[in-house]
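The values are calculated or read from the model by the stated rules, or taken from the named source; none is laboratory data. From a predicted model like this one, the values you see are computed outputs, not experimental measurements. FYI the Cβ positions are ideal-geometry reconstructions off the backbone, even for glycines, and counts take in every protein chain you see. Heads up: the accessible areas ignore ligands, DNA and RNA and are worked out on the full protein's heavy atoms, side chains in. Shrake-Rupley method; radii C 1.70, N 1.55, O 1.52, S 1.80 Å.
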Amino acid sequence: MQLIVKPQIGSSRGLAVLGRVPLVLVAGVLAACGGDVVDPPPPPPPPSSTAQCSTQSVLQLAVGAHEVVDPTQTSGCVRVPQAGAGGAEYLVVIASGATTRSSTGVTGGYQLRASNPSAAASASPAVARVDVAEPAPRRKPSAADRFHDHLRVREAELSADPANRGVHLAPRAETAPPVVGDVRTFKACANLACNQFVDVAATARYVGSKAAIYMDNAVPTADTLRDVDYDDLGHTFDTQHYPIDLAAFGPESDIDGNERIVILMTDAVNNLTPDCTNGRVLGYFFGLDLITSGAQSANSNKAEVFYTFVPAPANSSGTCNAISRTATVNNVKPTLIHELQHMISWNRRVLQSGSTSEETWLNEAMSHFAEELGGRLIPNAECVAAGFSSCRSQYVSSDIINTYDFLQDPESHFLIYPTSSNGTLEERGASWYFLRWVIDQFATDTIIGSDFTPALVTGPGGGASIVARTGTPFAQLVTEWLLAAYLDDLATFTPASPRLRLRSWGLRSIWTDTRNAQIFPGGFPLKPDSTSGGYSRTGTLRGGSGRHLRLIQQANGPAIDVQLVKDAQGNAIDPTLVPRIGIVRIR
């Protein structure tokens, strides 16, 4: 489901800005029982990792080479040797490769520390910094988030019912497609929980080879869509969105036998988010519409249906800006190519394969990848005519911006979303970026991935699907991806393995381009801590998250021990995190 704010039109920089409102976080003050405010005691100095790591082998890496280490097998340790006359630099990543899902997500505390083994074991280590990193507060879910979460829960329940799975539909008698002017009444969600429905009477305004666009008969007439707009939307869906998604993910169902997909444009979608200050619902697909029998089908349209918002004036409270007909068309286009992947996934997994619906993080990753395909494969002339600098700007800008926000603090966000979440904007950026990197590494067609993604749709689900398609442990992939996030296009660094780069994007150049400074004021987003030996950080790992650290040795600088443990007492890191340490020698 596409429930995030899409890029606004007219960017001259090749990227567009999302309409987000900064989230203000207020830190609470803890009081003692007597009412006095007390400061927490300072953390104790961490024990030196020297003693714990003394029995481990020194890791010898050539420049450009990397290693992924299981800390549960090495007392949490990685040891790098004394530097030569030219000095040395390494990048370390700690990561959680856990794919287990829960309502709150897989989390666990860690302490990452570094020391020089040449120091006396009895001496207190020189600690450059001690950070106590509390789990970052997740942003308050918007109405759009809550709506999406409810639908994903409902779809999981629907697909868990064997009566709704493995429906190998017998060939249906072909039914005539609708014609322009046809009037039909649809069921649409009436609230965020989608446990109430509203009847929407709508008229067909465009019918093409795949799309049948219906407009709600009751929408306001101010700045409403014109015939040219329906033709534009329908033509783009028929000639671009549909063939792109079909090649990448496979066919959709055709349960009503008319070989058409309904695009219902209705203010019932607008009404789902009366407060748009933290995003608005642009459109959705709901698997309920593909349930054709039983009590659960009472509110099913028994047809392939997308729902989208419509032009509207600003609301009276001032929390939702006006939506023009031009903005509607420009935002609905990326929404449709995104939602079509969800419809295809439901057909191929639930109806045809008798499986359950896809895990949300991977389902969203593939739909955001569909947006990228639109940006790459749709002719630029179509998007430039709409006021964009390119189709990448119209279709992919939000993914690049979300990835940038994720990489500003990758430790604080999940890759494997909790089951109760549709993923924050940062986490959606992470899932697209991870899948993009995987396709770069394992698809023969590394840009489009057309030999990789169709089978991914019908895999066992989530991380298991990635492992099945790549033949590589998930924890290794996550760690190498996080290494590549920093190393890709790093000046003067030549990786020994393609795992440490992206073939498809030069995101570092986008994020550091001065023409994009207003969008990315911090330049390259990933800024690791650095140390030559005295370092400690306490934090929290989440499923698929990680933390970066640079080890910098001057000429003939001493060896460095790095250790990943659970806490300041040196207890072993929780194995349910599936922890890994990735290390690469940069110079």
Original post:
Cα-based Rg (one decimal) and Dmax (whole number) for region 406-557, in Å?
Top reply: 16.7, 53
**OP:** Calculate the all-directions average of the projected area of region 294-351's alpha-carbon convex hull, and give it in nm².
**Re:** 6.0 nm²
Original post:
Counting only DSSP beta bridges with both residues in the chain, what percent are antiparallel, rounded to the nearest 5?
Top reply: 75 percent
Original post:
region 320-367: percent of C-alpha pairs farther apart than 18 Å?
Top reply: 44 percent
Subject >> Radius, Kirkwood style, for region 74-114 when every pair of distinct Cα atoms is counted (Å) >> reply: 13.9 Å
Subject >> Kirkwood Rh and Cα Rg combined as Rg/Rh, region 381-455 >> reply: 1.05
Original post:
Quick one: helix 474-487 against the long Cα principal axis of the chain, what's the angle to the nearest 10°, folded into 0 to 90?
Top reply: 80 degrees
**OP:** On each of the three principal axes of the Cα atoms of region 173-286, give max minus min coordinate, whole Å, ordered largest first.
**Re:** 39, 31, 27
Original post:
Over its Cα atoms, what ratio of radius of gyration to 2.2 N^0.38 Å does region 316-417 give?
Top reply: 1.28
Original post:
Any idea how far the Cα center of region 549-587 sits from the one of region 415-475, in Å?
Top reply: 27 Å
**OP:** With only alpha-carbon atoms counted, please give the Rg and Dmax of region 275-317, in Å.
**Re:** 14.7, 42
Subject >> Accessible area in square angstrom per residue, the chain, 1.4 angstrom probe >> reply: 38 Å²
Original post:
Across every pair of different alpha-carbon atoms, what Kirkwood hydrodynamic radius in Å does region 198-353 reach?
Top reply: 16.1 Å
Subject >> Degrees separating the helix 143-160 axis from the principal Cα axis of the chain, which is the longest one >> reply: 80 degrees
Original post:
Helix 425-442 versus the longest principal axis of the chain: what angle, 0 to 90°, nearest 10, using Cα atoms?
Top reply: 80 degrees
Subject >> Long-range lysine pairs (8 or more apart or interchain), the chain, Cα under 18 Å >> reply: 4
**OP:** Just order 532-541, 507-516 by mean Cβ neighbour count inside 10 Å, highest at the front, would you?
**Re:** 532-541, 507-516
Subject >> If the convex hull is drawn through the Cα atoms of the chain, its volume per residue in Å³ >> reply: 167 Å³
Original post:
Just how far, in whole angstrom, is region 327-369 from region 238-267 if you go by their alpha carbon centroids?
Top reply: 11 Å
